[in-house]
1. How large is ³J(HN,Hα), in whole Hz, for each residue of segment 153-165 in order, when computed from phi with the Karplus curve 6.51 cos²θ - 1.76 cosθ + 1.60 and θ = phi - 60°, using x for Gly and Pro?
2. Of the residues Val145, Val14, Val170, which exhibits the maximal mean-square fluctuation in a Gaussian network model of the chain defined by a 10 Å Cα contact cut-off?
3. What is the spin-label model distance, in nm, from Glu165 to Arg152 if the labels are put 7 Å beyond Cα along the C-beta direction?
4. Mind checking the alpha-carbon convex hull of segment 101-189 and giving the volume per residue in Å³?
5. Check which residues have an amide H placed less than 5 Å from Ser77's amide H, if you skip close sequence neighbours.
6. Counting alpha carbon pairs within less than 8 Å and at least 6 residues apart, what relative contact order, in whole percent, applies to segment 7-188?
7. Against the globular-protein guess of 2.2 N^0.38 Å, express the Cα radius of gyration of the chain as a ratio, rounded to two decimals.
8. Mean residue ellipticity at 222 nm from the helices of the chain, using -39,500 (n - 2.57) per DSSP H segment of n ≥ 4 over the full residue count, to the nearest 500 deg cm²/dmol?
Amino acid sequence: MKIPADTRKALKLVFSFSDCALKERLSAKLCSSYGRWLGGFRTLELRRGKEREGFEIEALGGGRAVLACRSMVSPVSFNKYSLNLDALEGTALTALERASSEGKVLLFDELGPMAMKSEKFSARAVDLLFSPAPCLVFYRSGAAVFENAFSRMSDTVIIGLAAAEWAEGVAAAEAWLDRLAESMEINKK
């Protein structure tokens with residue numbers, strides 16, 4: 001993987017991924033190391049043994065809700081999952097709004113077709129992504145709507161997350177977050 005030279009200076013850092021476990025590993029690592037400067041939400045797989053049952057939203061700073069589940073009943077669905085839009089509109093959006101008001105780096109982990117099922121969440125997410133706030137975003141590879149949108153955004157770097165280039169992806173994210181954290185600390189003084 002060739003990390004773009006302007007990664008450290010970008011306002012938005014976007015990771016495309018196809019391996020959910022790898023995405024969760026990177027997201028967890030960054031939240032653990034940079035939690036003081038990050039705000040927003042994580043999306044985690046719900047598993048029963050080796051089988052995926054759905055997805056859960058975890059707000060940084062507290063709060064958790066089931067986003068999608070095979071056994072849940074809902075008028076809104078995506079593929080084999082019923083969706084709980086309140087997980088997006090209540091848990092995830094509230095966490096993003098709080099992070100925005102606190103001047104933190106906004107974590108969108110992850111944006112995908114399920115998120116687009118909520119007009120309220122989607123509209124506000126677009127506003128935040130096009131705001132001057134720094135954003136760390138994960139989206140599934142092959143999601144054309146996201147690939148097209150992020151590729152047209154200025155001051156945005158997209159990195160393909162793959163196991164073979166794990167160290168380079170981590171180094172790029174850490175260098176980007178180090179610069180932002182240093183700037184946030186200087187601005188607090």
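Bear in mind that the values in this text are calculations on the coordinates, not laboratory data. Just so you know, these numbers come straight off a predicted model, no measurement behind them. Backbone-built Cβ (ideal geometry, glycine too); neighbour counts: all protein chains shown.
1. 6, 6, 6, 10, 10, 10, 10, x, 8, 9, 4, 5, 10
2. Greatest mean-square fluctuation among the candidates belongs to Val145.
3. Going from the Glu165 label point to the Arg152 one covers 2.4 nm.
4. Details: hull volume 9.3 nm³, N = 89.
Taking only Cα atoms, segment 101-189 has a hull volume of 104 Å³ per residue.
5. Leu83
6. On the way: 305 pairs, mean separation 57.2, N = 182.
It comes to 31 percent, rounded to a whole number.
7. Working: Rg = 15.9 Å, N = 189, 2.2 N^0.38 = 16.1 Å.
Output field value: 0.99.
8. On the way: 5 runs with 67 residues, N = 189.
So the calculated ellipticity at 222 nm is -11500 deg cm²/dmol.
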